[in-house]
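Asker: Next up is a structure, given as structure tokens.
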Amino acid sequence: MATKGKKSKLGHDPLSWISETDAAEIQQQNNHKEEQQEIVEEIEEVEAVEEIRSEIEIKETDFSESNDCAEQSDSKEIMMLDLPLYFGIAQVADVYIQMQEVLESDMTNIEIQAEDIESIDAAAIQLLVAFVNAAKSKGKKILWKGISDKLNDAVVVFQLNNQLEMAA
């Protein structure tokens, strides 16, 4: 019960007892909860990227052809780049790093493994175009080892067969 001389914090408005500082604290707590949820979502995305990263491998191989006549053997250096099964904006950063490694290598031929791609978006296509252009400018040759139907369809839609050096 309220005593005489003191105003009751409860009045006609049931929330009037909440002071402005209390409201600010509640808002701050809500903002903090939202930030925590965003961090959890980012961690989940990083874990998904790391899982996909483990699927992507760049393999260096050294192929040599030998002649029966005991002449000099020609050695072709090929750097392989395996594209991820699901190649979208979420994977672009990781694939970009691997592409940089391929471009910085001494290998002159780059073989792109793309037959397993099940989905690809415009960001991934844009990265492929930039990669092929960079490889050309460094005098490297692009070889496509298998092209999935999804990749082929995307390349046809964007009319990039020539830029990506793919057969029409």
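The values are calculated or read from the model by the stated rules, or taken from the named source; none is laboratory data. The structure presented is a predicted model; accordingly, all values stated were derived computationally and were not measured. Cβ atoms come from the backbone with ideal geometry, glycine included; neighbour counts cover every protein chain shown.
Asker: Can you tell me how many residues in the range 153-163 are part of a helix (DSSP H, G or I) and either surrounded by fewer than 17 Cβ atoms within 10 Å (Cβ to Cβ) or over 22 Å from the mean Cα position of the chain (by Cα) (or both)?
Answerer: So the count comes out to 4.
Asker: Related question: What pairs can you find where one residue is in the range 139-168 and in the same structural domain as Phe87 (by TED's automatic domain parsing), the other is of a type in the set (D, E, K, R) and crowded, with 17+ Cβ neighbours inside 10 Å, and their Cβ atoms are less than 8 Å apart, with a gap of 6+ or different chains?
Answerer: From residues that are in the same structural domain as Phe87 (by TED's automatic domain parsing), the pairs are Leu143/Glu111; Trp144/Glu111; Lys145/Glu111.
Asker: Let me ask you something else. State the number of residues belonging to the range 108-119 that are closer than 12 Å to Trp144 by Cβ, surrounded by fewer than 16 Cβ atoms within 10 Å (Cβ to Cβ) and in contact with a Leu (Cβ under 8 Å, 6 or more places away or on another chain).
Answerer: Residues flagged as closer than 12 Å to Trp144 by Cβ, surrounded by fewer than 16 Cβ atoms within 10 Å (Cβ to Cβ) and in contact with a Leu (Cβ under 8 Å, 6 or more places away or on another chain) within the range 108-119 amount to 1.
Asker: Considering only the range 101-112, I want to know if a residue exists there that is out of contact with any helix residue (DSSP H, G or I) (no Cβ under 9 Å at 6 or more places or on another chain), free of Cβ contacts under 8 Å to residues at least 24 places away in the same chain and not in a strand (DSSP E or B).
Answerer: Yes: one or more hits.
Asker: Taking into account only those residues within the range 67-110 that are of a type in the set (Ser, Thr, Tyr) and at pLDDT 85 or above, which is farthest from Lys141 (Cα to Cα)?
Answerer: Only one residue fits best here, namely Tyr86.
Asker: So, in the range 120-152, of the ones that are farther than 17 Å from Ala93 by Cβ and under 20 Å from the mean Cα position of the chain (by Cα), which residue ends up surrounded by the most Cβ atoms within 10 Å (Cβ to Cβ)?
Answerer: Going through the qualifying residues, I end up with Leu151.
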